[in-house]
């Protein structure tokens, strides 16, 4: 097994991870990015982005390719497709073991992101990027004057349904109960919005289409009645979960598992930082992930420099 030693190891090669890599390498510390899959993160699956400054419209894959080229310019070492066996954040140095190698690092920056909870119904995975989206802010503009559905009843679902009404001609809000879980003030705004039609006591059982989504099959949980609603897109908002499987129990997290940080992105462990969607944050976008990466890496570099001063 190969053994590598770096000043900073970044777990995750999405926008947060690449931004951290760029800033860490510019700080003259040896830097590596490890990812369990191909590099690029979730944005690589986005058909287009229209809200990243400097690009009026750009494919998600194309944008992440530019991030990677920038990281390459500063000599960030990359280790994609690494199946992680264990992560020890409490040791000195910190140790990440994959099936292929062992990595030792003075600092670790966690940028493993989060995943949207899936409905688990037929057609969902097949139509991701072709009518199934988990980010209204990212994709709402593609549904101008079209009909969409949102699944869920919490704050995120209701707020995103209202956001979608700025573009879509109609928004179905499908919820398995007969009342929303969202805050009352959020509910009141939604009930006043003429573009939203509520589908109560119902769950999605199938997403249908050809090249693109064209309908959704819904079952009433009280009557077992099956109906089909014609739509152009569907946005499941039944929750998101952080990718922290190898980190749980070592670090301070909230009740949903998201990592808690201070304003420097420092976690409860010295020398460990968390950035992007994996941490507790108010907004999960490419631009905020990249900003987190810059902040976290700058402070990780300072931590490494402080360690070097102690050993001199």
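Just so you know, all these numbers are worked out from the coordinates, no wet-lab data involved. Bear in mind the structure is a predicted one, so any value in this text is a computation, not a measurement. Here the Cβ is made from the backbone with ideal geometry for all residues, glycine too, and neighbour counts use every protein chain on show.
Between the Cα long axis of helix 286-311 and the first principal axis of the chain there is an angle of about 20°, rounded to the nearest 10.
For the range 118-236, what class follows from the C-alpha gyration tensor (a ≥ b ≥ c being the square roots of its eigenvalues): rounded when a/c is under 1.5, otherwise prolate if a/b is larger than b/c, else oblate? The shape class here is oblate.
Placing a label point 7 Å from the Cα of residue 118 along the Cα-to-Cβ direction, the residues of the range 124-157 whose backbone N falls under 16 Å from that point are 124-135.
Placing a label point 7 Å from the Cα of residue 3 along the Cα-to-Cβ direction, the residues of the range 73-103 whose backbone N falls under 11 Å of that point are 102-103. Can you tell me the 0 to 90 degree angle between the C-alpha axis of helix 60-73 and the longest principal axis of the chain, rounded to 10? Approximately 10 degrees, to the nearest 10.
Once both labels are positioned 7 Å from their Cα atoms along Cα-to-Cβ, the gap between residue 264 and residue 50 label points is 4.1 nm. Relative to the longest principal axis of the Cα atoms of the chain, the long axis of helix 155-164 makes an angle of roughly 70 degrees.
With a ≥ b ≥ c the root eigenvalues of the C-alpha gyration tensor of the range 24-141, is it rounded (a/c under 1.5), prolate (a/b larger than b/c) or oblate? Don't skip to the answer; put the middle values down first.
Numbers: a/c = 2.64, a/b = 1.49, b/c = 1.77.
Verdict is oblate for the range 24-141.
Taking 0.36 nm per residue of sequence separation and removing the Cα-Cα distance, the residue 102/residue 141 pair yields an extension gain of 9.6 nm.
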